[in-house]
Amino acid sequence: MSTGFSGLTTAVTGMHNNQKALEVTGHNISNLNTKGYTRQQAILATANSRYIVNNWVELGSKVQEIRQIRNSFLDGIYRREANALGYWEARYNGISELESILGEPMTDGLQSILNEFWNAWQELAKSPESLTVRALVRQRAEALVYHLNHIGYQIDKLQEDINNEIIKGIEKVNSITKQIAELNVLIAKAIAANNNPNDYYDQRNLLVDQLSDLIKVEVYEHPDGYMDILVGGYYLVSKTSHTNLVAVQNAPLSHFVVPVIEDLGVEIDPGMGRIKGLMEARGMVSGAKGSYDNGTPNTTCDVTFAVDLSSASSGYLADLQNSIEKYVSELKSNGLEYNLRLVTFNAGTVSNFDFGNDTDAFINAVKSLNISGGGALDFGTVVSNVAGTGPFAEGANRYLVVFSAEALSTTGNLDDYISTLTKNNIQVSVIGTDAGWNSVAKATGGSVYDITADDYSSLMSKVGTDTAADVNKCIATVEESLNIISNVKKMLNAMVNIVLREVNRLHMSGYTLDGKPGGALFETIDPSRPLEMGNIKLSDSLLDLNSIVASSTDANGDNVIAMKIAKLRNESIMASYNQTLSVDSYYQQIILTVGNIGNESRQYVESQQVLVNAAENERQSLMGVSLDEEMGNLIKYKYAYNSATKIVNVINEMLETIIYRTGIVGR
């Protein structure tokens with residue numbers, strides 16, 4: 001009898017277990033279109049046999065587990081590729097917006113406006129006295145100013161929008177990590193209660209997928225169900241706790257942000273991902289107004305004149321004093337922001353005077369110098385003194401002009417001098433002799449000028465022109481980096497600043513129609529910043545058309561200045577440390593650079609999308625719900641359930657016969 005009841009138990013377990021398998025199959029079908037769902041499978045196993053009345057009795061089956069069909073290796077591949085896709089999409093979106101702002105070459109962009117500006121000056125050269133053509137020049141200049149300021153505003157707005165996206169991305173990271181920590185608690189409780197947390201696993205894995213799009217994550221799963229999330233070596237999720245990221249200014253006065261670990265105050269490296277792509281698209285630079293890294297041209301020059309007052313220079317000091325105005329005049333006419341210092345030295349004695357931008361005081365101080373006797377040249381003391389005096393503005397271009405007829409010894413501490421000067425970014429030029437000075441000048445990027453020159457006015461103008469040219473070189477030299485918009489701003493502002501300052505220089509070198517000296521054509525809106533996109537206006541004096549300069553003299557028909565300005569488009573004034581280009585060629589190079597970055601980003605996005613799709617298809621082939629397979633399972637488990645019920649019926653009939661019919665035979 002006990003064997004019969006055990007058979008009934010076997011059939012009942014078959015009914016129960018197949019019913020559970022049917023429920024799991026129905027759950028899979030119900031979540032066919034649920035994002036992140038992983039199909040589940042009821043794993044049936046043979047129940048343990050039992051020894052009953054000297055017999056081993058089979059007790060049917062049992063549900064061993066409800067298993068998720070998922071592969072963590074494939075998850076890792078998908079997340080890595082999705083992380084790279086987010087990075088390249090962010091860069092591509094940023095460069096696409098920048099291309100739309102520039103509008104080259106399909107629409108009337110800056111190149112068209114520049115061409116019209118140069119053409120207007122060409123027309124003025126044909127008719128220097130024509131008020132109609134002068135009105136055209138002013139109109140084209142106004143159009144140029146408006147277009148440059150508009151581009152500057154749009155690029156600044158684009159950077160601001162991307163910065164806001166970074167902030168939203170950081171907030172999304174915090175939201176996801178908080179949810180993961182909460183799911184860790186629910187999963188741990190379910191496991192402790194011997195319940196099945198598979199659906200919680202799906203929610204958590206989907207959140208990790210979303211997090212991988214934003215930042216590069218390291219995932220660690222514990223046997224007890226907890227999951228840890230690390231980013232840049234820091235825990236954002238540790239079991240049931242999570243740590244927020246905060247958006248913090250990346251520099252004083254900057255409105256650009258970087259992700260920082262809350263409470264620790266440590267900037268975190270997000271690796272690749274959408275946030276890193278956005279940061280590079282915006283530019284990983286200070287967003288403060290006037291930031292050189294974010295495109296403001298560095299027109300500063302901190303100039304120190306070091307004059308040797310020993311008897312060796314006695315025959316040339318008067319020449320310097322009579323022509324020092326020429327050097328200062330070149331700095332002024334080139335529109336530089338300068339600071340002037342005077343250092344005098346003789347036999348180890350050094351005096352250092354700072355005049356700021358007071359040119360009159362500087363010139364008078366030079367003119368009041370006197371030879372103070374003999375003594376050996378001690379250049380090391382000069383170097384130490386100048387290097388120990390900080391620049392008048394952070395990041396200022398520093399120049400040391402040495403005036404000495406004495407030779408510099410090429411032995412001894414020469415390498416130490418050069419090391420100190422280069423470390424402090426000081427360029428040395430020498431008005432002296434070749435003896436010894438060439439090594440210092442060449443190593444620091446300067447030049448040596450002949451102290452015995454006959455025409456000191458031309459010599460000092462040349463020194464001043466070279467100083468201004470080096471400032472322009474520093475502006476025009478933009479190092480390659482992963483930053484997109486900030487680098488393009490640097491290049492655009494370099495062209496704008498150098499061109500407008502050169503136009504101003506030429507305009508101020510001529511005469512108006514009234515015979516007055518010319519003034520600047522372009523001025524700054526904010527005097528604390530140099531000429532750059534968004535900070536340009538036409539001089540108020542141009543309201544009078546007679547104030548437009550076309551001639552270098554007061555003679556009728558003189559068109560020298562107008563011709564010089566018109567020819568600037570083809571002049572190689574965009575000289576950097578890498579190349580020398582005309583204005584048009586430099587701008588075309590900017591557009592080519594933008595196009596190359598955009599094309600590269602587009603290609604990476606397309607190829608990365610293929611990899612992401614392939615990884616997802618591979619995952620879905622394993623974890624995705626297949627209707628054909630599930631319908632097959634439905635039929636299989638349905639028939640198994642029906643069979644189990646028939647066994648119950650058969651055993652029931654057997655027991656009924658035994659109970660009701662045994663012992664009534666023969667009655």
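The values are calculated or read from the model by the stated rules, or taken from the named source; none is laboratory data. Because the structure is predicted, anything quoted here is derived from the model rather than measured. FYI the Cβ positions are ideal-geometry reconstructions off the backbone, even for glycines, and counts take in every protein chain you see.
Evaluation of S112 against the conditions (1) surrounded by fewer than 17 Cβ atoms within 10 Å (Cβ to Cβ); (2) part of a loop (DSSP other than H, G, I, E, B); (3) of a type outside the set (A, V, I, L, M, F, W, C) shows that the sole unmet condition is (2). When the range 423-465 is filtered for residues that are closer than 22 Å to I573 by Cβ and of a type in the set (S, T, Y), the ones remaining, listed by number, are S429, S447, S458, S461, T465.
Scanning the range 55-103 for residues that are crowded, with 18+ Cβ neighbours inside 10 Å and among the aromatic types (F, W, Y) yields Y78, Y87, W88, Y92. Against the definition (in the same structural domain as A441 (by TED's automatic domain parsing), buried (at least 16 other Cβ atoms within 10 Å of the Cβ) and part of a loop (DSSP other than H, G, I, E, B)), how does A405 come out, yes or no? Considered against the rule, which asks whether it is in the same structural domain as A441 (by TED's automatic domain parsing), buried (at least 16 other Cβ atoms within 10 Å of the Cβ) and part of a loop (DSSP other than H, G, I, E, B), A405 comes out as yes. Of the residues making up the range 535-586, not one is modelled with pLDDT under 90, surrounded by 20 or more Cβ atoms within 10 Å (Cβ to Cβ) and of a type in the set (G, A, S). Pairs meeting the criteria (first residue in the range 71-94 and more than 29 Å from E221 (Cα to Cα), second residue in a helix (DSSP H, G or I) and of a type in the set (S, T, N, Q), beta carbons under 8 Å, at least 6 apart or on different chains) are R91/S601; Y92/S601. The C-beta contact set for the range 582-610 (first residue farther than 30 Å from G86 by Cβ, second residue of a type in the set (G, A, S) and surrounded by 15 or more Cβ atoms within 10 Å (Cβ to Cβ), distance under 9 angstrom, 6+ apart or interchain) comprises Y586/A476; Y586/A494; Y586/S576.
Scanning the range 298-351 for residues that are aromatic (F, W, Y) and touching an Asp or Glu at 6+ places or on another chain (Cβ under 9 Å) yields Y338, F345. For the range 243-261, give me each residue that is free of Cβ contacts under 8 Å to residues at least 60 places away in the same chain, of a type outside the set (V, I, T) and surrounded by 15 or more Cβ atoms within 10 Å (Cβ to Cβ). If the condition is that a residue be free of Cβ contacts under 8 Å to residues at least 60 places away in the same chain, of a type outside the set (V, I, T) and surrounded by 15 or more Cβ atoms within 10 Å (Cβ to Cβ), then Q249, N250, A251, S254 are the ones that fit.
Taking the conditions exactly as written (part of a helix (DSSP H, G or I), among the charged types (D, E, K, R) and surrounded by 13 or more Cβ atoms within 10 Å (Cβ to Cβ)), does D628 satisfy them or not? Here the answer is no, as D628 does not meet what is asked.
Given the range 241-312, what strands (runs of 3 or more DSSP E) lie entirely inside it while holding 2 or more residues that are farther than 16 Å from G169 by Cα and in contact with a strand residue (DSSP E or B) (Cβ under 8 Å, 6 or more places away or on another chain)?
Once the strands (runs of 3 or more DSSP E) in the range 241-312 are filtered for at least 2 residues that are farther than 16 Å from G169 by Cα and in contact with a strand residue (DSSP E or B) (Cβ under 8 Å, 6 or more places away or on another chain), what remains is 300-308.
Within the range 632-642, the set of residues being closer than 16 Å to Q40 by Cβ and either crowded, with 16+ Cβ neighbours inside 10 Å or touching a residue at least 40 places away in the same chain (Cβ under 8 Å) (or both) comprises N633, L634, Y637. Every condition in (1) more than 32 Å from the chain's Cα centre (by Cα); (2) modelled with pLDDT of 90 or more is met by N483 except one, and the failing one is (1).
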